[in-house]
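Chemist: Below: one structure in C-alpha cells.
The values are calculated or read from the model by the stated rules, or taken from the named source; none is laboratory data. If you're wondering where the values come from, they're calculated on a predicted model, not measured in any experiment. With ideal geometry, Cβ positions are generated from the backbone for all residues, glycine too; neighbour counts draw on all protein chains shown.
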Amino acid sequence: MKPAIDTPAPATTQAVALDDGEAGSNPARTRQLSPGWRWLLLTWTVVSMALCFNQQFTLRFFADVTLLDTEYFWLILAVLLPLAFILYPARVGRQLDHVPWYDLVLFAAATGLALLWAWTARDSAGNGWEYSAPDVAPRWMVWGAVASWLLVLEALRRAGGMALLIIMGVFSLFPLFSVLMPAPLHAPSVSLLEAASFHIFSRESVLGIPMRAFAELVIGFLVFGTALQYTGAGTFFINFAFSLCGHYRGGAAKVSIFSSGLLGSMSGSVISNVLTTGTMTIPAMKRTGMKPSTAAAVEACASTGAVLAPPVMGATAFVMAEFLDIPYAQVALAAAVPAVLYYFALFMQIDGNAARNGLVGLPKAELPKLGQVFREGWYFIFVIILLVLLLLVMKRENWAPWLATALLLVLNQLFSPQRWGRREVLGFIEGNGRVFVELVAILAGVGLLVGAFSLTGLTGTLTTELLHLAGNSPLLLMLMGALTSFILGMGMTITACYIFLAVLLAPSLIKVGLDPLAVHMFIMYWGMVSFITPPVALAAFAAASVAKAKPMETGLEAMKIGSIIYFVPFFFLMNPSLLLQGSLVDFAMHFGTALIGVALVCSGLQGYQQGVGDLRRCGALEWPVRIALMLGGLMFIAPGGGLMPLSPLQMTGAALALTLPALLVARLLSRQRAG
C-alpha cells in the first residue's frame with residue numbers, strides 16, 4: 001500500500017476556502033478558457049493580489065496615493081467580477097468551449113462601470129451619493145448604478161445558482177415595496193434609483209461586510225491555502241497522520257481525522273477535502289474491515305469539522321470577524337475549543353467502533369517512517385507555526401498569510417523535490433483566480449441583502465418581533481435559530497446563510513443577554529450541520545461516492561459519528577467559557593467536564609466503554625447502560641447556572657449519579673461474561 005496521495009494541485013485548489021467548500025469551481029460548469037482568456041485571468045489575478053498586497057502593506061503603488069477603501073473595493077471588483085461572465089456560461093453545461101457575444105458585452109459593461117465607480121469614489125463619498133445621487137449625480141450615472149446592480153445579480157446567479165439569485169434578488173428589491181408589506185415587515189419605501197444608489201455607492205451593500213472581509217482578509221488566506229496545496233502539503237499531512245497512528249486499532253480512520261483536519265483547516269473546503277484525502281483514507285479504512293458507509297461517514301465528518309477548526313477556517317469566519325468588528329485571530333482562537341471537542345468525539349467514536357468490531361491497524365511495514373516524513377516536510381509545520389504566531393501573538397492578521405506564503409514558497413524552492421517551474425506557477429495563479437472570481441461574485445451579491453435591511457432599518461423591528469414571538473425565551477430563540485440555520489444551510493451557501501441570520505436572528509439572541517461571539521459561532525455551526533445531515537448531506541454523499549456506499553446510509557452514519565456537533569453549539573452559547581470567553585478557572589473546569597462528557601456520549605453511541613469493554617456483554621441491560629452514559633455525558637458537557645436550572649456543581653453531581661451506577665453495572669456484568 002502506498003499511504004500517500006499525490007494530490008493533483010488543480011483538483012484540490014479549485015474549491016479552496018470557497019465559502020466553506022460547498023461549491024467550488026467545478027470544471028463541469030465552467031468554461032475551458034482559450035489561451036487569450038486564460039492569460040487575462042492570470043493577469044487580472046496577479047493584479048488583484050498586487051492591489052491587496054499594496055493595501056495591506058500600504059506600499060502606495062499608485063503614484064504615492066493611498067487608496068480609499070471604496071476605491072480599493074471597486075478596483076478588486078473591476079478585475080474579478082467581470083470574469084464571472086467569462087468563466088460561467090449563462091446556462092450550466094452550455095457553451096463551455098467559447099464565449100458568446102452577449103457575455104463579452106456583460107464583461108465590458110461590468111469592467112467599465114466598476115472602474116467608473118472606483119474613479120468617482122471620492123466624489124461619491126464627499127457628496128453622500130448613497131442617499132443623494134438621484135438629485136445631485138448625473139442621471140446617466142444613476143442609471144449606471146441600476147445596471148451595476150443587475151450585473152451583480154447576474155454574476156451571483158452564474159456563480160451561486162438560481163436559489164441564491166431569487167433570495168438575494170427579492171431582498172435587494174425589498175426597499176421598493178416595503179411600504180406595502182404588513183407588520184413587522186412594513187417600512188418606508190424608496191424609488192428604484194434611490195435603492196440602486198444605496199446598493200452601489202454606500203459601504204453597506206455591495207461594498208459591505210462580505211466584500212470588505214474578502215478584500216481585506218480572505219484573499220491572503222486563499223493564496224496561503226492554495227500555496228499549501230500546490231507545494232504538496234496534502235501528501236505531507238496524510239503521510240504524517242499515517243506514520244503517527246496508522247498502526248493503532250482503527251488506524252486508517254484515525255488517519256482520516258488527523259489528515260482531513262490538518263488539510264481542511266488549511267484549505268477551508270469540505271467537499272474538495274473529502275474528494276482528495278478520502279480517495280486514500282476511505283479505501284484504507286475498508287481494507288481494515290470497516291463498513292463502506294462507516295468509512296465514508298468518518299471522512300465526511302472529519303472534513304466538515306476542518307472548516308470549523310483554526311488557524312484557517314472557511315470564508316464565513318472572516319465575514320463573522322467583520323460583523324463583530326473583532327480581529328479574525330479572536331474568532332480563530334474562540335473556535336479552537338469546540339473544534340477540539342468535536343475531533344475528540346470523532347476519535348473516541350472511531351476507537352470504540354474499532355474495539356467493538358475487532359478492527360486492527362495497518363502493518364507498520366507498509367507505513368511511512370515518521371522521521372523521514374518529518375525530514376521531507378518539516379517546513380510545512382514551521383510555516384504553520386509562523387502563521388499562528390503572526391495571528392495570535394503579533395496580531396498581524398492582515399500580514400500573516402502573505403508572510404507565511406512567501407516563506408513557504410522560498411522554503412519549497414530550497415528544500416522540496418517538488419520545486420516549482422513555469423507550469424506550477426501558472427497553475428497556482430489560475431487556481432487562485434478561479435476561486436477569487438467565484439467568491440467575489442457570491443459575496444458581492446450577498447451584500448445586497450445586508451444593504452436592503454440597512455436601507456429600510458428593519459433589523460431593529462424584526463429583533464423586537466422575534467423576541468415577542470419567542471416570549472423573550474433564550475432557549476426557544478436558540479431552537480428557532482438552529483432550525484432556521486439548518487434549513488437555510490441546505491439550500492444556500494454557508495456564508496449566505498450566515499449573513500442572512502446574522503442580520504435577522506443574531507440581534508435577537510444578543511438582546512436576551514447571550515454573548516455576541518457565541519451567537520455568531522452558533523449560527524455558523526448550525527449552518528454547517530447540513531453537510532452531514534440527510535436529506536442533503538453533501539459531504540456524506542460525496543464520501544459515499546468514493547466508498548461506493550449507499551448515500552442515505554452514509555448520511556445517517558455520519559449523523560451518529562458527528563453527533564456532538566448538534567449539541568456543542570448550544571453548550572458554548574449557554575456558557576461562552578468554552579469559547580475562551582471569561583476566566584481561565586471557568587474555562588478549565590468546563591473544558592475538563594466537557595471532555596469527560598464527550599467520552600461518555602461516544603461510549604454510549606458506539607457501545608464500547610474504556611475500562612469496561614464491549615457493552616454487549618451487559619445483555620438485556622446494554623441499552624439502558626448506553627442511554628445512561630449518553631444522558632450523563634450530556635449533563636457533564638452542559639454548563640450549569642445561567643440558563644440551566646442547576647448550578648455547575650449540581651449538574652456534575654447529577655451526571656455522576658447517572659453514570660457511575662451504569663459504569664459499575666456494566667463492569668460487573670462484563671466481568672461475569674468474561675469469566
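Chemist: Answer yes or no as to whether residue 417 is more than 25 Å from the chain's Cα centre (by Cα), assigned by the TED database to the domain that holds residue 514 and touching a residue at least 60 places away in the same chain (Cβ under 8 Å).
Modeler: Working: more than 25 Å from the chain's Cα centre (by Cα): yes; assigned by the TED database to the domain that holds residue 514: yes; touching a residue at least 60 places away in the same chain (Cβ under 8 Å): no.
When the stated conditions are applied, residue 417 does not pass them.
Chemist: What is the residue count in segment 251-293 for residues that are closer than 18 Å to residue 606 by Cβ, buried (at least 24 other Cβ atoms within 10 Å of the Cβ) and not charged (D, E, K, R)?
Modeler: 7
Chemist: Checking the structure you have, find out if any residue of segment 603-619 is among the hydrophobic types (A, V, I, L, M, F, W, C) and within 33 Å of the chain's Cα centre (by Cα). Reasoning before the result, please.
Modeler: If we filter segment 603-619 for residues that are among the hydrophobic types (A, V, I, L, M, F, W, C), which is where we start, we get 605, 612, 615, 618.
Among the residues that remain, those that are also within 33 Å of the chain's Cα centre (by Cα) are: 605.
Yes: segment 603-619 contains one or more residues that are among the hydrophobic types (A, V, I, L, M, F, W, C) and within 33 Å of the chain's Cα centre (by Cα).
Chemist: Kindly establish whether residue 329 is surrounded by fewer than 24 Cβ atoms within 10 Å (Cβ to Cβ), among the aliphatic types (A, V, I, L, M) and either in contact with a strand residue (DSSP E or B) (Cβ under 7 Å, 6 or more places away or on another chain) or in the same structural domain as residue 567 (by the TED database) (or both). Can you show your working first?
Modeler: Values: surrounded by fewer than 24 Cβ atoms within 10 Å (Cβ to Cβ): yes; among the aliphatic types (A, V, I, L, M): yes; either in contact with a strand residue (DSSP E or B) (Cβ under 7 Å, 6 or more places away or on another chain) or in the same structural domain as residue 567 (by the TED database) (or both): yes.
Spelling it out, residue 329 is indeed surrounded by fewer than 24 Cβ atoms within 10 Å (Cβ to Cβ), among the aliphatic types (A, V, I, L, M) and either in contact with a strand residue (DSSP E or B) (Cβ under 7 Å, 6 or more places away or on another chain) or in the same structural domain as residue 567 (by the TED database) (or both).
Chemist: Checking the condition modelled with pLDDT under 50 and surrounded by fewer than 22 Cβ atoms within 10 Å (Cβ to Cβ), which residue from 35, 10 passes? Write out each step before concluding.
Modeler: On the way: 35 fails: modelled with pLDDT under 50.
That would be 10, the only listed residue that is modelled with pLDDT under 50 and surrounded by fewer than 22 Cβ atoms within 10 Å (Cβ to Cβ).
Chemist: Name every residue in segment 420-468 that is of a type in the set (D, E, K, R) and in contact (Cβ under 8 Å) with a residue 24 or more places away in the chain, in order of residue number. Walk me through how you get there before you give the answer.
Modeler: Applying the first criterion (of a type in the set (D, E, K, R)) to segment 420-468 yields 422-424, 430, 434, 438, 465.
Within segment 420-468, 424, 430, 434, 438, 465 meet the criteria.
Chemist: In addition: Taking the stated definitions as given, is residue 639 in contact (Cβ under 8 Å) with a residue 60 or more places away in the chain, more than 19 Å from residue 354 (Cα to Cα) and buried (at least 18 other Cβ atoms within 10 Å of the Cβ)?
Modeler: Details: in contact (Cβ under 8 Å) with a residue 60 or more places away in the chain: yes; more than 19 Å from residue 354 (Cα to Cα): yes; buried (at least 18 other Cβ atoms within 10 Å of the Cβ): yes.
So residue 639 passes the test.
Chemist: Of the numbered conditions (1) farther than 27 Å from residue 347 by Cβ; (2) surrounded by 23 or more Cβ atoms within 10 Å (Cβ to Cβ), residue 653 fails exactly one; give the number of that condition.
Modeler: Residue 653 satisfies every listed condition except (2).
Chemist: Considering only segment 616-628, I want to know if a residue exists there that is in a helix (DSSP H, G or I), of a type outside the set (D, E, K, R) and closer than 22 Å to residue 568 by Cα. Full working, then the answer.
Modeler: Step one: filter segment 616-628 for residues in a helix (DSSP H, G or I), giving 616-628.
Retained after the next criterion (residues that are of a type outside the set (D, E, K, R)): 618-621, 623-625, 627-628.
Next cut, closer than 22 Å to residue 568 by Cα only: 627-628.
For segment 616-628, residues in a helix (DSSP H, G or I), of a type outside the set (D, E, K, R) and closer than 22 Å to residue 568 by Cα: present.
Chemist: Being touching a Leu at 6+ places or on another chain (Cβ under 9 Å) and either assigned by the TED database to the domain that holds residue 499 or closer than 30 Å to residue 320 by Cβ (or both) is true for just one of 549, 543, 539. Which residue is that? Walk me through how you get there before you give the answer.
Modeler: Numbers: 549 fails: touching a Leu at 6+ places or on another chain (Cβ under 9 Å); 539 fails: touching a Leu at 6+ places or on another chain (Cβ under 9 Å).
Being touching a Leu at 6+ places or on another chain (Cβ under 9 Å) and either assigned by the TED database to the domain that holds residue 499 or closer than 30 Å to residue 320 by Cβ (or both) holds for just one of 549, 543, 539, which is 543.
Chemist: Are any residues in segment 405-417 surrounded by fewer than 19 Cβ atoms within 10 Å (Cβ to Cβ) and of a type in the set (S, T, N, Q), and if so, which ones?
Modeler: 413, 416
Residues are listed down the side, and each one gets a yes or a no for (1) surrounded by 20 or more Cβ atoms within 10 Å (Cβ to Cβ); (2) outside the structural domain of residue 69 (by the TED database); (3) under 27 Å from the mean Cα position of the chain (by Cα):
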{"position": "117", "(1), (2), (3)": "yes, no, no"}
{"position": "123", "(1), (2), (3)": "no, no, no"}
{"position": "131", "(1), (2), (3)": "no, no, no"}
{"position": "140", "(1), (2), (3)": "no, no, no"}
{"position": "147", "(1), (2), (3)": "no, no, no"}
{"position": "151", "(1), (2), (3)": "yes, no, yes"}
{"position": "163", "(1), (2), (3)": "no, no, yes"}
{"position": "166", "(1), (2), (3)": "no, no, yes"}
{"position": "186", "(1), (2), (3)": "no, no, no"}
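Chemist: Another question, if that's okay. Determine which single condition residue 326 fails, assuming it passes every other condition in (1) part of a helix (DSSP H, G or I); (2) more than 18 Å from residue 258 (Cα to Cα); (3) of a type outside the set (Phe, Trp, Tyr); (4) at pLDDT 90 or above.
Modeler: Condition not satisfied by residue 326: (1).
Chemist: Collect the residues in segment 588-612 that are without any contact (Cβ under 8 Å) to a residue 40 or more places away in the chain and buried (at least 18 other Cβ atoms within 10 Å of the Cβ), keeping them in residue-number order.
Modeler: Scanning segment 588-612 gives a single hit, 604.
Chemist: Which ones in segment 377-404 are buried (at least 21 other Cβ atoms within 10 Å of the Cβ) and among the β-branched types (Val, Ile, Thr)?
Modeler: Result: 383, single match.
Chemist: Now a separate question. For segment 459-504: of the residues being more than 21 Å from residue 532 (Cβ to Cβ) and of a type in the set (Val, Ile, Thr), which is surrounded by the fewest Cβ atoms within 10 Å (Cβ to Cβ)?
Modeler: Top of the filtered list is 464.
Chemist: Take residue 367 and tell me if it is over 18 Å from residue 524 (Cβ atoms), in contact with a His (Cβ under 7 Å, 6 or more places away or on another chain) and either aliphatic (A, V, I, L, M) or surrounded by 21 or more Cβ atoms within 10 Å (Cβ to Cβ) (or both). Reasoning before the result, please.
Modeler: Details: over 18 Å from residue 524 (Cβ atoms): yes; in contact with a His (Cβ under 7 Å, 6 or more places away or on another chain): yes; either aliphatic (A, V, I, L, M) or surrounded by 21 or more Cβ atoms within 10 Å (Cβ to Cβ) (or both): yes.
Against the criterion (over 18 Å from residue 524 (Cβ atoms), in contact with a His (Cβ under 7 Å, 6 or more places away or on another chain) and either aliphatic (A, V, I, L, M) or surrounded by 21 or more Cβ atoms within 10 Å (Cβ to Cβ) (or both)), residue 367 qualifies.
Chemist: Out of 263, 228, report the one residue that is assigned by the TED database to the domain that holds residue 493, part of a helix (DSSP H, G or I), of a type in the set (A, V, I, L, M, F, W, C) and modelled with pLDDT under 85.
Modeler: On the way: 228 fails: modelled with pLDDT under 85.
Sole residue among the options that is assigned by the TED database to the domain that holds residue 493, part of a helix (DSSP H, G or I), of a type in the set (A, V, I, L, M, F, W, C) and modelled with pLDDT under 85: 263.
Chemist: Name the pairs whose Cβ atoms lie under 6 Å apart, with the first residue in segment 159-182 and in contact (Cβ under 8 Å) with a residue 60 or more places away in the chain, the second surrounded by fewer than 18 Cβ atoms within 10 Å (Cβ to Cβ), and 6 or more positions between them or separate chains?
Modeler: As it stands, the answer is 163/491; 178/189, since those pairs meet every condition given.
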